[in-house]
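Right, one structure below, let's go through it.
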Amino acid sequence: MAPVRSPEKRIEELSTLYEVSQALAQSLDLQQVLERILDILSERLGMSRGTVALVSPFTGEIQIETSLGLSPAEKRRGRYRPGEGVTGRVVASGEPMVVPQIGKEPLFLNRTLSRGDLEEMEISFLCVPIRAGDVVVGALSVDRIFSKESFDVDVSFEEEVNFLEIIASMIGQAVKVHRMVEDERSKLVAEKERLQADLAEKYNISNLIGNSKAMHKVFSMVAQVAKSNATVLIRGESGTGKELIANAIHYGSPRAQKPLIKVNCSAIPETLIESELFGHEKGAFTGAAESKPGRFELASGGTIFLDEIGELNQTTQVKLLRVLQEKEFERVGGVKTIKANIRIIAATNRNLEEQMSSGEFREDLYYRLNVFPIYMPALRERRTDILLLADHFLEKYSKENGKEIKRITTPAIDMLMSYHWPGNVRELENCMERAVLLCDRSSIHSYHLPPTLQTAETTAMGEGLSLEESVSTFETDLIIDALKGTRGNIRAAAERLKTTPRILGYKVNKYGIEAKRYR
């Protein structure tokens, strides 16, 4: 019968459990926690040479994760298959195992080669399973000095094993939490990489729409400047797509994995713009209850896009000039200098040269920004791209609204091509979104387009046309649309228009429509 443990022994074990629980609570680093637990067992209970071996979730092999008293080489040699050796058997069976004298146990493999001649070793080996819920995820093992005198009086290791099982259960929970955290971290990393890849693909220069000579020049300039760190100034009217060019430059650059921070300088009140860009310290002004990093700090290592740069006030222009020249700045109300490892892309629809002449825009800042200017042409300067863009927006909004609109009719195309587009690509996009929402057929017609496009020169319902002319133009449009959709088949087109082939044939002859052209 095993002797009853003394109160001192019980107190020592409780103190050990408390220290182990503290170690588990202090860190999520599994390696660090396991090393601390083995140190506690050694210090408190006099256990020499301990290991925590875990089952690899990938290979199923049992590997020593953390050890006490083993060299790195010995630790690497400690690998077992389930059922192999004492450790493998404990993992496979889920039952603890005690080897009173390792030199007399054939199952003890000494795979680590850390104990020399086993026959001369007077060491006992205790090994208990580590469980995470109902699953055995590893084994905790320790060496104890073998006492022949104690062994002769049939000393039981039951109490030591029970205590180690408590420790192992605590380790099992730590392993479970660690693997859950690692699994979530892996998912987040994978999701981040996927999103970054999607952004890079979405804003790839090859995805920008335009086949005109003016846009080919823009694409060429973007490809040249993207790989550098040069400051870029994008000029052009509102709605021409300056932000898309900034995206293409950033995601085509070595900084693509870092942040792209966008700031619309005209949308931030003049009293707050400096704080938004450079940040502020606590108490710098009324309402500054705590320190706040600015957009330049948030963009560290990446790119900052300053849209509507011509709206900046003189004070902010001076600070921005320093960032461009010295690559450093201070927060509002702060004295600490912050280094700025960022690339600046600016954009404006204003005439900066006129602003310099009137004193609204600093000349030195202009030349610092104008290192690599890119001019975005207005839509009226690239009319060959209008139909390409219209088709793109038609497909985009048809998909978003669950509609199957296949094409734009000829009269509608004529209207799109003859309009002067003061709002540029943004206006064209809004126009096509509206048309898709109004359309209940398979084609966009002229009457689906906004009233701003309904001019006397382009509309089929113009004021200069008689009722008969308007009706004939409208009927011609419908018939051509139906023939295109049925590949010139008059019978099928008649069914689509809910009329008879005889009536449709009459209309085709009347309006001089050649059905063969659409086959």
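Here, each number is a calculation from the coordinates, and none is a lab measurement. These numbers were taken from a predicted model, which means no experiment stands behind them. Neighbour counts are summed over all protein chains in view; Cβ atoms, including those assigned to glycine, are modelled from backbone coordinates with ideal geometry.
Projected label points at L107 and E270, each 7 Å from Cα along the beta carbon direction, are separated by 8.5 nanometres.
Nearest 0.05, what FRET efficiency do D391 and L438 give at R0 = 22 Å with Cβ-Cβ as r?
Working: r = 18 Å, r/R0 = 0.80.
For D391 and L438, the calculated efficiency is 0.80.
The lysines within cross-link reach of K406, meaning a Cα-to-Cα straight distance under 22 Å and a gap of 8 or more places when in the same chain, are K396, K484, K498, K516. Net length available on complete extension from S291 to E468 is 56.5 nm, with 0.36 nm assigned per residue and the Cα-Cα distance removed. Scalar couplings 3J(HN,Hα) for region 268-281, obtained by applying the Karplus form with A = 6.51, B = -1.76, C = 1.60 to θ = phi - 60°, are 9, x, 4, 6, 10, 4, 5, 5, 5, 6, 10, x, 8, 8 Hz; x denotes Gly and Pro. Between the listed residues V225, G485, N424, the Cα displaced farthest toward the positive end of the dipole of the chain, a dipole computed from Cβ unit charges relative to the Cα centre, is found at G485.
Of F474, F393, the sequence from fewest to most neighbouring Cβ atoms within 10 angstrom is F474, F393.
Label-to-label distance for E243 and E122 is 8.1 nm, based on points extended 7 Å past Cα in the beta-carbon direction. Length gained on full extension, R517 to S358: 51.2 nm, using 0.36 nm per residue less the C-alpha separation.
Set the Förster distance to 30 Å, then compute FRET efficiency between K176 and L298 from the Cβ-Cβ distance, nearest 0.05. Efficiency, from the Cβ-Cβ distance: 0.25. Taking Cα centroids, how far is region 36-79 from region 302-358 in Å? Between the Cα centres of region 36-79 and region 302-358 lies a distance of 56 Å. Between N341 and T500, residue separation times 0.36 nm minus the direct Cα-Cα distance comes to 50.0 nm. Of all aspartates and glutamates in the structure, those lying under 14 Å Cα to Cα from K104, and not within fewer than 8 positions of it along the same chain, are D117, E119, E120, E122. Arranged from fewest to most other beta-carbon atoms within 10 Å of their beta carbon, F163, F361 become F163, F361. Given a Förster distance of 51 angstrom, what is the FRET efficiency for K227 paired with E475, based on the Cβ-Cβ distance and rounded to 0.05? So the FRET efficiency works out to roughly 0.35. With the simple spin-label model, which puts each label point 7 Å out from Cα in the Cβ direction, the N313 to A284 separation comes to 1.4 nm. Which of these values of Cα extents along the principal axes in Å was calculated from the structure shown: (1) 81, 68, 57; (2) 121, 71, 40; (3) 76, 52, 48? Evaluating Cα extents along the principal axes in Å on these atoms matches (2). Each part gets one Cα centre, and for region 265-293 versus region 380-428 those centres are 42 Å apart.
For K339, the lysines whose Cα falls under 30 Å of its own Cα, not counting residues fewer than eight places away in the same chain, are K192, K227, K242, K258, K262, K282, K292, K319, K327.
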